[in-house]
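The values are calculated or read from the model by the stated rules, or taken from the named source; none is laboratory data. Just so we're clear, the structure is a prediction, and the values are computed from it rather than from any experiment. Note: ideal-geometry Cβ built from the backbone for every residue, glycine included; neighbour counts use all protein chains shown. Heavy atoms of the whole protein, side chains included, go into the accessibility calculation; ligands, DNA and RNA do not. Shrake-Rupley method; radii C 1.70, N 1.55, O 1.52, S 1.80 Å.
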Amino acid sequence: MLELKNVNYTVKTTQGDERPIFNQLSLSLVPHKLYGLLGVNGVGKTTFLNLISGLVAPTTGTVAFKTKDVYQSAKQRRDYLDQVGYCLQNPDSLFFNKTVLDELRYGAGAASVENLIQQFALKPLLTASPFELSGGQKKRLALAIMLKKQPEILLCDEITAGLDAHYRQFVLDLLKQYKRQHLTIWVTHDIDEAVAVSDELLFIGHGRVQKYPILAALRQPAIFKHYHLRVPSQAAISKALITQGLFTDQQYYRSNQEIAAAITQIWKLR
Amino acid sequence: MAVIKQSANALLKVTHVQYAVEQLLNLNMETRKTEILHDINLSVYPNEILGLVGPNGSGKSTLSKILAHIIEPNQGKITLNGADYQSIQPEWHLHQLVTMVFQDVEAQFIGQNFTEDMLLYLTNFGYNETQIENAITEVTSLFGLQDLVEQPFTALSGGQKQLLAIAEALAIHPQLLILDEPTAQLDGPNTDMVIQLLQQLQREHRVTILLVTHKLAELALTDRVLVLNQGTIKQSYATKSLLTDQAVLEANQLPVPDTLAIITALKQAGLPVGQLADNSLPAFTREVARLLRRQQHA
């Protein structure tokens, strides 16, 4: 549904020379999936989201949504932007109203404001300025604003950074639910969290974006190392149990619950 | 190395600090007062890394800014080495003794790039050009950030900016460094780098750190942890006992280490697993092996 074809993206450095960020990037992303975007700092995660958000056009190549070239005309781009919800890494850039309530009321979809206030537990914050909120509260407000228009594509840049365990779980559950009907892409530095929640991983590095299903990636920790990422703890735990002969070669799991269930299973059988 | 903690004199002592914001509601000058912190009492001891945790919106950043003398409390007293904050003159000297890295690093920089920012920053503290150059060389080599000093901040990633912000706060050798979620925006390798550096600072440079955090990797660095909730310090824990107690971690909205979470799930399923010695992978594997092999022999 979202199709990148031969995308090149180059930036000019301060020295005046051109630095390629993405090189002949071709990728196809579909709805009903949650894609976890992984890569080290400075590799282009935010740039990738900007390219597919309709905000930044590639130097060459096309980004197409439902076969329509997003950047072909100003109108096409506007139409596309209406269907994208993009939670920026710095939520301050999204806010411009005096109060949290005004921020929520702004734009179409006023009917859903009450629900959002309830769902995101924003009631105590309604009269506060969005800029005075704590880091975690800002992330919550940004997500609430983006969900108001129920975008077909939801992009979240480090949405869980700085959230406490309670709201982290809340946001993760929300992403899992949202992706059932939509295309959702999120960036996180918490590799364990990315593995536990995403359907597929998008690795960014070396000018490319590579797509892997979760279990395939867990079985080959070398992939993570190739992109200079930490091996997920789920993979490390499985690997340790396999080395001890307690798990078989193929027993890799996405979450702690699944690992615990597998151990329980073995315990009962023995 | 023997570390003297609670018995030593506190480096920083906070007594009965209270802070409220007054908001203007309308043009009739009606205002509303919201109490953010009430009756905060805490001590930070020399050469310790003290963790400060608490749910989102509990006042962690506000308290950090008060300790860094960026905002003033309405009531209460803060002393550094026994001297009241009010008595430390000139005022900028206090900003040299206690430095802070903000949660939002964008708020940290004024200059276009690190060199320019350091120039602006250190001139305030009476550094001359040579001293500033030396300070830049010193901190950037410590972090391996030499290549970034001339790059405009706009061209740097969030993580790179975070590293530079910490470097800057260290440049004037503060007695207390306050870090507000320093690795929240960083990836694995950069997180490891910051954490290693914090360990090095504690061991070799005897910098005392107050670390506001939600992350286990950062908590593991601390000696003690204070829990802030609803504007007051609710609890204080030794880090080791905190990190091996799932119920306490969950009650304080903190993440649970994976090995501990799995063992707890096994216990709840009725399996006869014991207590983990620590949260490490070898300790975990030993426990699971003991469980499964015992069953095998029975």
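Does A:SER112 qualify as being within 25 Å of B:PHE102 (Cα to Cα) and in a helix (DSSP H, G or I)?
Working: within 25 Å of B:PHE102 (Cα to Cα): no; in a helix (DSSP H, G or I): yes.
So A:SER112 fails the test.
With respect to B:THR15, determine if the residue is in contact with a Phe, Trp or Tyr (Cβ under 8 Å, 6 or more places away or on another chain) and either away from chain A (no Cβ under 14 Å) or basic (Lys, Arg) (or both). Even if it seems obvious, please write down each step before you answer.
Working: in contact with a Phe, Trp or Tyr (Cβ under 8 Å, 6 or more places away or on another chain): no; either away from chain A (no Cβ under 14 Å) or basic (Lys, Arg) (or both): yes.
Spelling it out, it is not the case that B:THR15 is in contact with a Phe, Trp or Tyr (Cβ under 8 Å, 6 or more places away or on another chain) and either away from chain A (no Cβ under 14 Å) or basic (Lys, Arg) (or both).
Which condition number in (1) outside any loop (DSSP other than H, G, I, E, B); (2) within 14 Å of chain B (Cβ to nearest Cβ); (3) within 11 Å of the chain's Cα centre (by Cα) is the one that A:HIS189 fails?
Just one mismatch for A:HIS189, condition (1).
Has segment B:156-170 got at least one residue that is surrounded by fewer than 20 Cβ atoms within 10 Å (Cβ to Cβ), among the charged types (D, E, K, R) and either without any contact (Cβ under 8 Å) to a residue 12 or more places away in the chain or more than 21 Å from A:THR188 (Cα to Cα) (or both)?
no
State yes or no: is A:SER73 under 23 Å from B:ASP104 (Cβ atoms), free of Cβ contacts under 8 Å to residues at least 24 places away in the same chain, hydroxyl-bearing (Ser, Thr, Tyr) and surrounded by fewer than 21 Cβ atoms within 10 Å (Cβ to Cβ)? Show your work before the answer.
Numbers: under 23 Å from B:ASP104 (Cβ atoms): no; free of Cβ contacts under 8 Å to residues at least 24 places away in the same chain: yes; hydroxyl-bearing (Ser, Thr, Tyr): yes; surrounded by fewer than 21 Cβ atoms within 10 Å (Cβ to Cβ): yes.
No; evaluated as a whole, the condition is false for this residue.
Among the residues of segment B:133-155, how many are open to solvent by 20 Å² or more (accessible area, probe 1.4 Å), among the small types (Gly, Ala, Ser) and either in a loop (DSSP other than H, G, I, E, B) or touching a residue at least 24 places away in the same chain (Cβ under 8 Å) (or both)?
Result for segment B:133-155: 1.
Quickly run through segment A:218-233 and pick out the residues that are facing chain B (nearest Cβ under 7 Å) and under 17 Å from B:ASN279 (Cβ atoms).
The answer is A:ARG230, A:SER233.
How about segment A:248-270: which of its residues are within 23 Å of A:ASP199 (Cβ to Cβ) and either open to solvent by less than 50 Å² (accessible area, probe 1.4 Å) or of a type outside the set (A, V, I, L, M, F, W, C) (or both)?
Here is the first cut: in segment A:248-270, the ones within 23 Å of A:ASP199 (Cβ to Cβ) are A:250-262.
Matches in segment A:248-270: A:GLN250, A:GLN251, A:TYR252, A:TYR253, A:ARG254, A:SER255, A:ASN256, A:GLN257, A:GLU258, A:ILE259, A:ALA260, A:ALA262.
From the residues in segment A:94-141 that are farther than 28 Å from B:LEU254 by Cα and within 12 Å of another protein chain (Cβ to nearest Cβ), which one is most open to solvent (accessible area, probe 1.4 Å)?
Among residues in segment A:94-141 that are farther than 28 Å from B:LEU254 by Cα and within 12 Å of another protein chain (Cβ to nearest Cβ), the one most open to solvent (accessible area, probe 1.4 Å) is A:LYS98.
Here's the yes/no breakdown for (1) in contact with a Leu (Cβ under 7 Å, 6 or more places away or on another chain); (2) crowded, with 19+ Cβ neighbours inside 10 Å:
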position: B:ALA247; (1), (2): no, no
position: B:VAL256; (1), (2): yes, yes
position: B:ALA269; (1), (2): no, no
position: B:ALA283; (1), (2): yes, no
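Would a scan of segment A:219-234 turn up a residue that is small (Gly, Ala, Ser), more than 25 Å from the chain's Cα centre (by Cα) and open to solvent by 30 Å² or more (accessible area, probe 1.4 Å)? Give the derivation first.
Going residue by residue through segment A:219-234, those that are small (Gly, Ala, Ser) are A:222, A:233.
Cutting the leftovers down to more than 25 Å from the chain's Cα centre (by Cα) gives us none.
Among the residues of segment A:219-234, not one is small (Gly, Ala, Ser), more than 25 Å from the chain's Cα centre (by Cα) and open to solvent by 30 Å² or more (accessible area, probe 1.4 Å), which makes the answer no.
Can you tell me which of A:GLN244, A:GLN181, A:GLN265, A:GLN250 is within 9 Å of chain B (Cβ to nearest Cβ) and polar (S, T, N, Q)?
Values: A:GLN181 fails: within 9 Å of chain B (Cβ to nearest Cβ); A:GLN265 fails: within 9 Å of chain B (Cβ to nearest Cβ); A:GLN250 fails: within 9 Å of chain B (Cβ to nearest Cβ).
Selected residue: A:GLN244, the only one of A:GLN244, A:GLN181, A:GLN265, A:GLN250 that is within 9 Å of chain B (Cβ to nearest Cβ) and polar (S, T, N, Q).
For (1) modelled with pLDDT of 95 or more; (2) of a type in the set (Ser, Thr, Tyr); (3) over 21 Å from A:TYR178 (Cβ atoms), each residue gets a yes or a no:
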site	(1), (2), (3)
A:THR62	yes, yes, yes
A:ASP82	no, no, no
A:CYS87	no, no, no
A:ASN90	no, no, yes
A:LEU94	no, no, no
A:ASN97	no, no, yes
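Please state which one of A:LEU4, A:LEU49, A:LEU55 is assigned to a loop (DSSP other than H, G, I, E, B) and among the hydrophobic types (A, V, I, L, M, F, W, C).
Result of the check over A:LEU4, A:LEU49, A:LEU55: A:LEU55.
From (1) at pLDDT 90 or above; (2) out of contact with any Gly (no Cβ under 7 Å at 6 or more places or on another chain); (3) open to solvent by 20 Å² or more (accessible area, probe 1.4 Å), pick out the condition that doesn't hold for B:LEU120.
The one condition B:LEU120 does not meet is (2).
If I filter segment A:24-60 down to residues being without any contact (Cβ under 8 Å) to a residue 60 or more places away in the chain and in contact with a helix residue (DSSP H, G or I) (Cβ under 9 Å, 6 or more places away or on another chain), which single residue comes out as least open to solvent (accessible area, probe 1.4 Å)?
Only one residue tops the list, namely A:GLY54.
Here's the yes/no breakdown for (1) farther than 25 Å from B:PRO174 by Cα; (2) open to solvent by 10 Å² or more (accessible area, probe 1.4 Å):
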| position | (1), (2) |
| --- | --- |
| B:VAL21 | yes, yes |
| B:THR31 | yes, yes |
| B:ILE36 | yes, yes |
| B:ASN41 | no, yes |
| B:ILE49 | no, no |
| B:VAL53 | no, no |
| B:LYS65 | no, yes |
| B:ILE70 | no, yes |
| B:LYS77 | no, yes |
